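> This structure is in structure tokens; I'll ask about it shortly.
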Amino acid sequence: FPCEVIRNFSIVAHIDHGKSTLADRLVGLTGTIPKKAFGANQQVLDKLKVERERGITESGLTLCSMIYHSHQKYLLNLIDTPGHVDFSWEVSRSLAACQGALLLVDATQGVQAQSISVFHIARERGLKIIPVLNKIDMPVADPSRITAQLQSMFGIDPAEVLQISAKTGRGVETVLQAIIERIPPPSGSVHEPLKALLFDSQYDRYRGVISLVNVMNGVMRKGDRIASCHTGKKYEVTEVGIMHPEEVPVMHLQPGQVGYIACNMKESTEAHVGDTLHQANVPVDPMPGFQPTKAMVYAGVFPVDTNDFIKLEESIRRLTLTDRSVTIQRESSTALGQGCRLGFLGTLHMDVFRQRLEDEYDANIIITAPTVPYKVIYRDQTVIVSNPTDFPDEWGTASHVREVQEPMVKASILVPEEYLGDMMDLCFSRRADDLDHHYLDSGTSTSARVMLTCTLPLSEIVTDFFDQLKSRSSGYASFDYEDAGYKASDLVKVWMIASIKLFMTFLLNGKPVDALALVIHRSVEQKIGRTWVKKLHKVIPRQLFEVPIQAAVGRRIVARETLSAMRADVTAGLYGGHYERKLKHLENQKESKRRMKKIGNVDLPQNAFFDILSTT
Ligand code: GDP
Ligand code: MG
């Protein structure tokens with residue numbers, strides 16, 4: 001296949017707008033017959049909606065080549081793009097392998113926040129955009145209104161908008177025609193040295209890492225000695241092929257072609273999205289702007305039963321084989337024992353991973369409240385602190401701190417106008433700045449839709465922001481955010497002047513419980529302190545003596561509850577004669593003793609932590 005007959009494209013769509021249904025239609029129309037899914041972990045992935053989104057087709061393919069017979073033979077490569085900006089780097093790499101993109105929009109719903117940012121990345125990269133309205137078979141579809149939306153939001157010419165039903169198949173041929181006519185072929189030269197972009201990878205139990213590559217120049221052949229620009233590591237190409245729609249080995253990949261290679265890479269962490277591959281002895285300039293993945297949200301994971309740590313760590317490692325963007329560090333806590341501190345690209349990414357881990361573990365893990373990495377700037381160095389327990393101590397190193405910066409995000413929220421006020425309130429309560437909004441359409445039959453933008457501290461959206469957004473908008477709001485760098489906020493200045501730590505600890509009988517440490521904003525210290533102390537009071541069993549439960553900021557106590565002492569004999573409150581009941585009670589006591597943790601001289605059942613942390 002020479003370049004002229006190749007088309008590399010992706011589908012940009014919000015979840016449920018019909019990406020998989022359309023992909024399956026295209027595959028069907030071109031006579032490409034899928035058999036099995038690519039990748040070993042399909043069953044696990046299929047469970048989760050957000051994860052399902054990572055495959056273009058229903059069977060979870062992430063790259064699919066089709067041969068289409070028009071007036072001549074064309075090779076169409078459909079490349080999957082993660083539909084969420086948590087993966088923005090990967091989005092832009094997948095798009096780097098394309099010359100065009102279908103912007104697929106549900107004609108009953110309209111454009112959603114998450115497809116907007118992906119659209120902008122596609123446009124910035126100079127991709128040809130083909131707007132497609134889907135689900136026009138539905139009676140509630142309103143194609144003329146959505147077309148007007150596309151025009152006002154993106155400046156799209158209404159004449160270019162295709163109308164289809166992926167479900168019934170209506171109009172799908174026009175999509176294939178548009179791909180051939182509107183999307184330019186890739187350019188590249190066989191005479192240049194090999195230069196290939198690695199844009200995705202999967203893990204295969206037998207062959208190790210399988211990388212998806214786009215050959216920009218030169219030819220990739222089986223037996224080639226290749227090297228990574230990023231790591232300098234060398235490999236031998238053991239297999240080359242195209243995904244048609246599953247792996248079909250071929251002799252070579254030419255310029256403009258997209259396919260897979262196996263090259264004795266053992267660890268999925270070796271396959272860096274965005275890396276450039278070249279002949280081992282012919283170096284080339286790497287593709288610009290390589291960024292290693294960067295964790296933005298962290299959480300600690302501990303087994304409820306401390307003996308399970310090895311098993312937990314093993315499960316985490318297994319899960320990360322299919323998701324190399326999760327970072328892992330060991331962490332130990334006096335209260336919870338051995339655990340792992342995991343870093344995620346964003347909140348959605350964390351939710352997906354957490355759900356997968358919980359599916360495997362039921363309720364047998366404890367996940368600490370998510371935190372974000374702070375930049376602590378000392379006179380002579382800058383340190384990124386991703387664990388609240390590493391925060392500078394008010395009485396020690398803190399006096400050398402010049403400034404503390406926190407990560408910010410630019411948030412976009414799309415809602416029907418009647419919820420605008422509620423959304424603004426929500427944003428303001430989360431320290432929003434630069435709040436702005438504009439109308440996307442006039443809303444004649446239904447209410448007009450508004451796009452709200454603002455900057456927010458990342459720490460404000462890592463917990464319940466999304467849930468709040470959904471409940472306060474009756475589920476209508478869609479939300480997206482992108483990285484907006486670090487900023488020294490006012491709270492940090494206050495912290496410096498008053499030397500007040502943002503770091504809240506909880507004390508049981510005067511002893512700190514490290515697993516519960518939080519980094520918080522000063523304005524909410526009372527509120528958070530009180531809530532947590534109340535929660536602790538509820539779940540901690542009474543001891544033989546009185547136990548003060550306190551929340552502290554530095555040495556200052558901001559909230560306190562007292563757990564009164566229990567009577568020495570647990571059976572004392574029961575009437576004599578109820579022997580069985582008495583026995584059961586004693587047994588219960590024995591059972592909970594087994595999983596007791598001592599903090600200071602307070603006995604704590606592990607479950608108490610689980611109760612607290614799972615209700616945040
Ligand atoms: P994805 O999340 O973007 O991959 O969306 P899917 O392809 O999984 O589709 C989401 C839902 O919309 C499924 O229940 C589909 O059956 C349905 N759907 C997709 N395309 C159409 C269409 O053209 N018309 C109708 N009525 N339903 C559709
Ligand atoms: Mg899908």
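> Carbon and sulfur together cover what percent of the accessible area of segment 132-255 at a 1.4 Å probe radius?
Ligands and nucleic acids excluded, carbon and sulfur reach 50 percent.
> Given Lys135/Lys470; Lys234/Lys410; Lys234/Lys294; Lys167/Lys294, which pairs have Cα atoms separated by over 28 Å? Display every interim value, and only then the final one.
Numbers: Lys135/Lys470 24 Å; Lys234/Lys410 39 Å; Lys234/Lys294 25 Å; Lys167/Lys294 38 Å.
Among Lys135/Lys470; Lys234/Lys410; Lys234/Lys294; Lys167/Lys294, the Cα-Cα distance tops 28 Å for Lys234/Lys410; Lys167/Lys294.
> Here's something else I'd like to know. Go through Lys195/Lys222; Lys19/Lys128; Lys375/Lys511 and tell me which ones have a Cα-Cα distance over 21 Å in this structure.
Numbers: Lys195/Lys222 15 Å; Lys19/Lys128 18 Å; Lys375/Lys511 28 Å.
The answer is Lys375/Lys511.
> Give, as a single signed number, the net charge of other residues whose beta carbon lies under 15 Å from the beta carbon of Pro186, with Lys and Arg counted +1 and Asp and Glu -1. Numbers along the way, then the final one.
Numbers: positive: Arg7, Arg125, Lys128, Arg182, Lys195; negative: Glu4, Glu192.
Value of the local net charge: +3.
The values are calculated or read from the model by the stated rules, or taken from the named source; none is laboratory data. Source: prediction; values computed, not measured. No Cβ is skipped: glycine too gets one built from the backbone with ideal geometry, and neighbour counts run over all protein chains shown. SASA here: full protein model, heavy atoms, side chains in, ligands and nucleic acids out. Shrake-Rupley method; radii C 1.70, N 1.55, O 1.52, S 1.80 Å.
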